[in-house]
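Structure record follows, encoded as structure tokens.
Where a number appears in this text, it was derived from the coordinates with a stated rule and is not lab data. Keep in mind that this is a model prediction, so the values were computed, not measured. Please note: Cβ atoms are built from the backbone with ideal geometry, for glycine as well, and neighbour counts cover all protein chains shown.
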Amino acid sequence: AQKITQTQPGMFVQEKEAVTLDCTYDTSDQSYGLFWYKQPSSGEMIFLIYQGSYDEQNATEGRYSLNFQKARKSANLVISASQLGDSAMYFCAMRKVPNQFYFGTGTSLTVIP
Amino acid sequence: DAGVTQSPTHLIKTRGQQVTLRCSPKSGHDTVSWYQQALGQGPQFIFQYYEEEERQRGNFPDRFSGHQFPNYSSELNVNALLLGDSALYLCASSLVGYNSPLHFGNGTRLTVT
């Protein structure tokens, strides 16, 4: 069963605008972690942001913020003030007990100048 | 601070052959996981090593095996290669704990002909 769902195969955003990448997850666990990774065309996976299931506040890291809605089981990534270098694949991931990560199929983001 | 390093970066093998991929974790990390990423897909969990033992395994056949050494470095072995094994193989290291992200290497691109 798909544990992480990313419904947007591709997204376009104008430079300097904000964009939201969607992620929903499926788990019956109480304790879990949610992560977002960026994968440029070079292939490396770059960690962006983390949200714990017990965290009441949405996580923020610079221009990245995570819109965590626990009841809806969603963990959307918001990128503010998009830059050309933000063009990449973005993966949502969930960490479950004991220590296994599940990744979504990714969203390809293209920033338009 | 050395990150995760993988070798080789690219590899071409023939069906039926065997391959060994290598990974050195980020300094201070003791857990190594391996992921397979097919073109256009998210990473799929192969297995995880901690304290030189395989702790968890994803849905991969026994042709995929691994090892972790006392210095925490790891190897991924794939026997009897199939065309479908062509993918980017990512090694990731981490610490135990829900807020500990995976740190990935740049991957090994395996092509099976």
- Number of partner chain Cβ atoms within 10 Å, mean per residue of B:49-57: 1
- Item | Integer Hz, Karplus 6.51/-1.76/1.60 couplings in order for the range A:28-36, x for Gly and Pro | 9, 6, 8, 10, 7, x, 10, 9, 10
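Which pairs, out of A:Lys16/A:Lys96; A:Lys3/B:Lys26; A:Lys96/B:Lys13; A:Lys70/B:Lys26; A:Lys16/B:Lys26, put more than 30 Å between their alpha-carbon atoms? Before the final figure, lay out each step's value.
Details: A:Lys16/A:Lys96 35 Å; A:Lys3/B:Lys26 28 Å; A:Lys96/B:Lys13 34 Å; A:Lys70/B:Lys26 32 Å; A:Lys16/B:Lys26 34 Å.
Going by Cα-Cα distance, A:Lys16/A:Lys96; A:Lys96/B:Lys13; A:Lys70/B:Lys26; A:Lys16/B:Lys26 fall outside the 30 Å limit.
As a footprinting exposure proxy, order B:Arg22, A:Arg95 by other Cβ within 10 Å, with the fewest listed first. Numbers along the way, then the final one.
On the way: B:Arg22 16, A:Arg95 25.
So the residues, fewest neighbours to most, are B:Arg22, A:Arg95.
Mind giving me the FRET efficiency for A:Asn67 and A:Glu15? R0 is 25 Å, r the Cβ-Cβ distance, nearest 0.05 is fine. Walk me through the numbers before you get to the answer.
Values: r = 22 Å, r/R0 = 0.87.
Here the calculated transfer efficiency is 0.70.
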- Task: Select from the range A:31-113 those GluC sites (Glu not before Pro) which occupy a DSSP coil region and have at most 14 other Cβ atoms within 10 Å, ordered by residue number.
- Result: A:Glu56
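Can you give the FRET efficiency to the nearest 0.05 for B:Leu11 and B:Phe60, using r as the Cβ-Cβ distance and R₀ = 25 Å? Could you put the intermediate results ahead of the total?
On the way: r = 18 Å, r/R0 = 0.72.
For B:Leu11 and B:Phe60, the calculated efficiency is 0.90.
Can you classify the range A:46-109 as rounded, prolate or oblate using the Cα gyration tensor, where a ≥ b ≥ c are the square roots of its eigenvalues, rounded means a/c under 1.5, and otherwise it's prolate if a/b beats b/c and oblate if not?
Numbers: a/c = 2.02, a/b = 1.36, b/c = 1.49.
Oblate.
Using the number of other C-beta atoms within 10 angstrom as an exposure proxy, rank B:Phe64, B:Phe104 with the fewest first. Can you show the working numbers first?
Values: B:Phe64 18, B:Phe104 26.
Ascending number of Cβ neighbours within 10 Å: B:Phe64, B:Phe104.
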- Using a 10 Å cut-off on Cβ atoms, rank the peptides B:48-55, A:29-36 from the highest mean neighbour count down. A:29-36, B:48-55
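Determine the shape class of the protein assembly as shown: with a ≥ b ≥ c the square roots of the Cα gyration tensor eigenvalues, call it rounded for a/c under 1.5, and otherwise prolate if a/b is greater than b/c, oblate otherwise. Working shown, then result.
Details: a/c = 1.84, a/b = 1.43, b/c = 1.28.
Taking the square roots of the gyration eigenvalues as a ≥ b ≥ c, the protein assembly as shown is prolate.
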- Dipole of chain B, positive end: most advanced residue of B:Gly107, B:His67, B:Ala92 [Cβ charges, Cα centre]: B:Gly107
- For chain A, modelled as a Gaussian network with Cα springs under 10 Å, which listed residue fluctuates most, A:Gln100, A:Gln51, A:Gln39? A:Gln100
- Message: Quick one: 3J(HN,Hα) in Hz for the range A:99-113, Karplus 6.51/-1.76/1.60 with θ = phi - 60°, rounded, Gly and Pro as x.
- Response: 6, 10, 9, 10, 10, x, 7, x, 10, 8, 9, 10, 9, 9, x
- Mind jotting down the distance between the C-alpha centroids of the range A:16-88 and the range B:10-72, whole Å? 25
- Note on the structure: When chain A is treated as a Gaussian network with springs between alpha carbons less than 10 Å apart, the largest mean-square fluctuation among A:Tyr37, A:Tyr90, A:Tyr54 is found at A:Tyr54
- Note on the structure: Cβ density ranking, 10 Å radius, fewest first, applied to A:Leu84, B:Leu102, B:Leu88 yields A:Leu84, B:Leu88, B:Leu102
- Query: Pick from B:Val32, B:Val96, B:Val19: which residue has the top mean-square fluctuation in a GNM of chain B where Cα pairs under 10 Å get a spring?
  - Reply: B:Val96
- Amide proton proximity set for B:Phe47, modelled H, under 5 Å, gap of 5+: B:Trp34, B:Gly58
